[in-house]
Amino acid sequence: MQQGTHSKMVSFVWGIADDVLRDLFKRGKYPDVILPMCVIRRMDAVLEPTKQAVLDTKKMLDDAGITEQRAALSAASGHAFYNTSRFTLRDLRSRSSQQQLLADFNDYLDGFSPNVQDILENFKFRNQLMTLSKADALGTLINKFLDPEMDLSPVRIDNHDMGMIFEELVRRFNEENNEEAGEHWTPRDAVRLMANLIFLPIADQLKSGLYLLYDCACGTGGMLTVAEETMLELAKKKNLQITTHLYGQEINPETYAVCKADMLLKGEGEKADHIVGGAEYSTLSRDAFSAREFDFMLSNPPYGKSWKKDLEFMGGKDDMRDPRFKVMHHGEELSLVTRSSDGQMLFLANMVSKMNRTSALGSRIAEVHNGSSLFTGDAGQGESNIRRYIIENDWLEAIIALPLNLFYNTGIATYVWVLSNKKSEHRKGKVQLIDATQWYKPLRKNLGKKNCELAPEDIERVCRVFLDFVETPQSKIFPNKAFGHYKVTVERPLRLHSQLTLKSIEALRFASGDEELRSTLYDALGDDLFTNFSKISATLEEHVAAWGGDEEGDDESSKKGLSEKKRKKLLDPTTWAHDGRLVEAATLLRKELGEGVFEDYNLFRERVNAVLKKHGIKLPATDLKAILKVVSWRVETAPPVIAKVHKAAKTKADPLHGLFAVDLDGHPVVVEYEPDPDLRDTEQVPLLEEGGIEAFIGREVLPYAPDAWFDADATKIGYEVSFTRYFYRPPKMRTLEEIRADIMAIERETSGLLDALLKGAAK
């Protein structure tokens, strides 16, 4: 079809929207009517030659009592879809009333095959019919689509051209409704770049056969379409017989309907059933292709979008067992579960799980992300673990930084991740970063936020740099480990002084929590709370009741009262009795040990244990800890608190790992110190650090904190990618001569002004 005819057809349909729907619907709702009507008109025209054959087959099947009729009816129609209604669109032009037209049109819609019903349902097309009927616009709409100028029959327009018309309509509607465009529309220039990045590196290795393409957030199917076209063009150049099957999943119902309709209109037939979607088909919580592996995958998943609902559906962060997001990596289970506020990286993890691990080419992936995917997530967290999982498996080929304002609804920085599980030899163990932010062509008119595009020469330039795989100002190549680091927890010993003062012991009366509330009750009711609870229980209940419940009052000034949990705890005699026993034990210790200051906590703890043993008191470890904590405080010059003692003969001293050689009671031992949580710190040590963590700690920590050590068990591995670090170009500084010249010019100018003012004043 000539370009002029194509544009004329699109403009005609656009005109129908303005002529018929104006004042009935907001412009943003036009696609909800026009797009399904295009689908219906095309299918009506395609099915018209075999209409009678379908009706005859339907009658025969019904008479024979056959219920499963889809295959036979599709065979009769000659397509993957059919319509068993006695009506065609042309039959609906002459109706005596809008009521009769609405009834017959619904009957006509009901006759379509299930795959078309799925499209209409997700378009929510039937929801618009009553509005059209009431406004006497339904008949007008049908007649407009039956206009000879609107001939969508296969005689005039083949499947490919019909698909192009449909895509152009979608594009124009998206541009009209820019606030939503980015949700399901990726600019074609960006898609062409992604398609080239996954196909060009293996173009010479392609062979005739079947290839599966997949998009896990397929939107209107544009990426799949462009990828298929790119692959078939390569096949044609090399005289290869290649067949493609397109697979996609999309949660937005209307967008999914557009995608599936486009596939049917292009003559994909039963392959259109490989497009799955609707509100119940979230890619994250309901994987439609769990058993599939794909050869080529590309996607632009939503970023900055919460996936909390999916997470809850999947059992929460701790109980999730989806093998896509809980993986075994080098003998350990690695959680790839990200923050619930942004699930974009999970789409990449999903595609990684579907890589073909048996074919010679393996799988190639291109996926768009925003900048947060490069660095968000601390070591051990989901985002970092995804980066680690991909890079340590040597699947990441390159990340390309795209120009700003390339997409319709966002001006933020975006990046294309390129992955392969069958890297070429020269790429193994390496990652390429490409700064393509300055390679673009400005648009004469903005399309939403989009003010530039990747011209063919820009796409070619990016691909050439990618394929050349050499260092340039815009291309940097790094070993995989360059992006990894150890997150090391650095500890320092706790140092305490202790003193059994009356004030500190009194604080134990409220050791069970809610100190302010318990202190108020103690002021009112006294020691009976601890020693004679039954006597004051009724009065206690009155006090607690006076504080109110946990519901907000009707009055705006009312304060929130006690929660039911707090109320029960305050009325529980066991909590008061527990705190009373702590006070009694501490009082006994004060009587035996006095209230002098113990400058060595280790000695103090030893004396405390001796007193308790002497009086036959066995305190739970938590209670003893509570007493010791309330009567002790941090002092930097105090001896370190010993947590554990090892025999020197059995344990080797290793200060860097927290094992220190000391003399204890005249005997050499190896001790572990209690770490001070207030002094705890973390260091980020590069995986490529010469000498490893030990060398780093020795150089960067010990000179300033000689008593420090690091907890090897708490050490985690993280990965992040910093484009700024590698590509930042500081602005050129002006020379001193240039600065001096500017200052002198300002001085001359201001001096002239001052002279003029003085002369004016003299007059």
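T88 sits among other residues whose Cβ lies under 15 Å from its own Cβ, and their net charge, with Lys and Arg +1 and Asp and Glu -1, is +1. Listed cross-link partners K260/K449; K305/K326; K8/K266; K354/K423; K326/K354; K326/K487 are compared with a 24 Å cut-off, the Cα-Cα value being larger for K260/K449.
Straight-line cross-link partners of K732 among the aspartates and glutamates, defined as a Cα under 13 Å from its Cα and at least 8 positions apart when in the same chain, are absent.
Packing order of peptides 133-140, 727-734, highest average first: 133-140, 727-734 (average count of other Cβ atoms within 10 Å over each peptide's residues).
Summary of packing: across the peptides 246-258, 289-301, 694-706, the per-residue average of other C-beta atoms within 10 Å ranks them, highest first, as 246-258, 289-301, 694-706. Considering Cα pairs under 8 angstrom that are at least six residues apart, work out the relative contact order of the chain and quote it in whole percent. Relative contact order comes out at 10 percent. Most simply put, segment 210-343 has about 25% antiparallel DSSP beta bridges, counting only bridges with both residues inside it.
Tell me, in nm to one decimal, what length is gained between L656 and I617 on full extension, where the rule is 0.36 nm per residue of separation less the Cα-Cα distance?
On the way: separation 39, 0.36 × 39 = 14.04 nm, distance 3.86 nm.
Length difference between fully extended and current span is 10.2 nm.
Ranked by the mean number of other Cβ atoms within 10 Å per residue, highest first, peptides 37-45, 109-117 order as 37-45, 109-117. Over segment 36-137, Cα pairs under 8 Å with separation of 6+ residues give a relative contact order of 27 percent.
Over all other residues within a Cβ to Cβ distance under 14 Å of A71, the charged ones net out to -1, with Lys and Arg as +1 and Asp and Glu as -1. For segment 159-172, the Karplus equation 6.51 cos²θ - 1.76 cosθ + 1.60, evaluated at θ = phi - 60°, returns couplings of 4, 5, 5, 5, x, 5, 4, 4, 4, 5, 4, 4, 4, 5 Hz by residue, with Gly and Pro reported as x. In the chain, helices alone account for a calculated mean residue ellipticity at 222 nm of -13500 deg cm²/dmol, with every DSSP H run of four or more residues adding -39,500 (n - 2.57).
Here the Karplus curve 6.51 cos²θ - 1.76 cosθ + 1.60, taken at θ = phi - 60°, turns the phi angles of segment 120-135 into couplings of 4, 5, 6, 5, 6, 5, 4, 5, 8, 5, 5, 4, 5, 5, 4, 8 Hz, with x standing for Gly and Pro.
Measuring against 21 Å, Cα to Cα, the residue pairs K29/K124; K591/K613; K29/K144; K503/K613; K481/K716 contain K503/K613 as the ones spanning a longer distance. Where (i) 59.9; (ii) 46.4; (iii) 29.7 are the candidate values, the label of the one calculated here for mean projected area of the Cα convex hull in nm² is (i). Taking other C-beta atoms within 10 Å as the exposure proxy, R156, R339, R748 rank R748, R156, R339 from fewest upward. Bridges between two residues of the chain, per DSSP, are antiparallel at a rate of about 70%. The slack between D572 and K326, meaning 0.36 nm per residue of separation minus the straight C-alpha distance, is 84.3 nm.
The Cβ shell under 14 Å around Y728 holds other residues with a net charge of +3, Lys and Arg each +1, Asp and Glu each -1.
We did not get these values from a lab; they are worked out from the coordinates using the rules stated. Predicted model, so just to flag it, every value in this text is computed and none were measured. Neighbour counts run over all protein chains shown; Cβ positions are idealised from the backbone, glycine included.
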